[in-house]
Amino acid sequence: MSSEVLTTAATGMPDLEAALRGLASAPTLLVASDFDGALAEFTTDPSDSGPAPGAMTALRALSRLPGTTVAIVSGRDVRTLGQLAGIRSTDRIALLGSHGAESSVSGVVNGSIDADQRTLLDELTTQVAELIQDHPGARLERKRAAVAVHTRGLPAGSAKAALEAADQLGQDQPQVRVMPGKSVVELSVSHADKGSALRALADVVGAAHTFYSGDDVTDEDAFEVLDPEGDVSVKVGSGTTAATHRVPDVTALVATLQRLLELRRDVVDEAAVRRP
């Protein structure tokens, strides 16, 4: 793909191209993204998810550039996220899982939950298992610190009823954090969020600026902690958002990452030429 075509596909709006150019010259840069709906297309069965063509190639190449840290952020636990993303032992890609409650990077977050939280999570799992029996086709996903109800692929009315029931189950318990998303409601016993985890990772790696992309409600926590004057936040798809930029779909986000890679490589190469 030529630079001109890639730029057009990646940006959609002229100001995103300008923002990427500015970001590419940051002395230290954190490039992070949500997984499902951003780096990966949605699937009816969450366990079938996988990165879109070119997504991991771009992230791996970015992670090898000087002064560049790459991370994938997800509601999935770190182990599952690593498997679905195809993370290799040689990859320099950080993983933030369970909406920020877990991290593969030391000093960012502590993914452990205490005995009371584990008991609550077990109780929630039992309650959700009973709930989905009343909503055929809804699916339960148990995570390290949460249990989720998935409705992707269900008729609109059936999905709405299942999600509303799950939401109400969580609302009835003040110690549970209810996190609605696209065709999912997640009930978490942890109050970690993607924004605080992203900011902690940026501090640990000393990132001067951050790029973050995501498509879902939980990504808004990350968008809100970024500085619109120096960082770049990209909403994937439609919907109200605190992000400063938007691309229409996963394919366009992959092109955006490829464009950022191209621009940052140019900066790195130019710096190498100037170095005595």
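Listed values, structure above:
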quantity	calculated
Only one of 65, 39, 81 that is under 18 Å from residue 209 (Cα atoms) and either assigned by TED's automatic domain parsing to the domain that holds residue 217 or not hydrophobic (A, V, I, L, M, F, W, C) (or both)	65
Residue list for segment 144-174, filter: more than 16 Å from residue 218 (Cα to Cα), touching a helix residue (DSSP H, G or I) at 6+ places or on another chain (Cβ under 6 Å) and part of a loop (DSSP other than H, G, I, E, B)	144, 151
Residue match in segment 67-77 (condition: part of a loop (DSSP other than H, G, I, E, B) and over 17 Å from the mean Cα position of the chain (by Cα))	yes
From 86, 107, residue being at pLDDT below 95, assigned by TED's automatic domain parsing to the domain that holds residue 31, under 24 Å from the mean Cα position of the chain (by Cα) and surrounded by fewer than 20 Cβ atoms within 10 Å (Cβ to Cβ)	107
Yes/no for residue 262 being under 20 Å from residue 62 (Cα atoms), more than 15 Å from the chain's Cα centre (by Cα), acidic (Asp, Glu) and not assigned by TED's automatic domain parsing to the domain that holds residue 181	yes
Residues located in segment 175-206, provided they are over 16 Å from the mean Cα position of the chain (by Cα), in a helix (DSSP H, G or I) and not charged (D, E, K, R)	204, 205
Answer from 20, 30 - the residue that is in the same structural domain as residue 98 (by TED's automatic domain parsing), assigned to a helix (DSSP H, G or I), at pLDDT 95 or above and surrounded by 12 or more Cβ atoms within 10 Å (Cβ to Cβ)	20
Contacts under 9 angstrom Cβ, first residue in segment 237-251 being surrounded by 17 or more Cβ atoms within 10 Å (Cβ to Cβ), partner of a type in the set (Lys, Arg), 6 or more apart	237/182; 237/246; 241/235; 243/235; 244/235; 245/235; 246/235; 247/235
Scope segment 66-83; condition of a type in the set (Lys, Arg) and crowded, with 20+ Cβ neighbours inside 10 Å; matching residues	76
Which numbered condition residue 237 fails, given (1) touching an Asp or Glu at 6+ places or on another chain (Cβ under 6 Å); (2) closer than 16 Å to residue 72 by Cα	(2)
Pick from segment 167-215, criterion in contact with an Asp or Glu (Cβ under 8 Å, 6 or more places away or on another chain), of a type in the set (Ser, Thr, Tyr) and surrounded by 24 or more Cβ atoms within 10 Å (Cβ to Cβ), ranking: farthest from residue 245 (Cα to Cα)	210
Residue in segment 227-250 that is over 14 Å from the mean Cα position of the chain (by Cα), of a type in the set (D, E, K, R), at pLDDT 95 or above and assigned to a helix (DSSP H, G or I) present	no
Residues of segment 175-215 satisfying the condition of being more than 30 Å from residue 161 (Cβ to Cβ) and of a type in the set (Val, Ile, Thr)	204, 205, 210
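The values are calculated or read from the model by the stated rules, or taken from the named source; none is laboratory data. Nothing here was measured: the structure is a model prediction, and the numbers come from that model. Here Cβ is always computed from backbone atoms with ideal geometry, including for glycine, and neighbour counts include all displayed protein chains.
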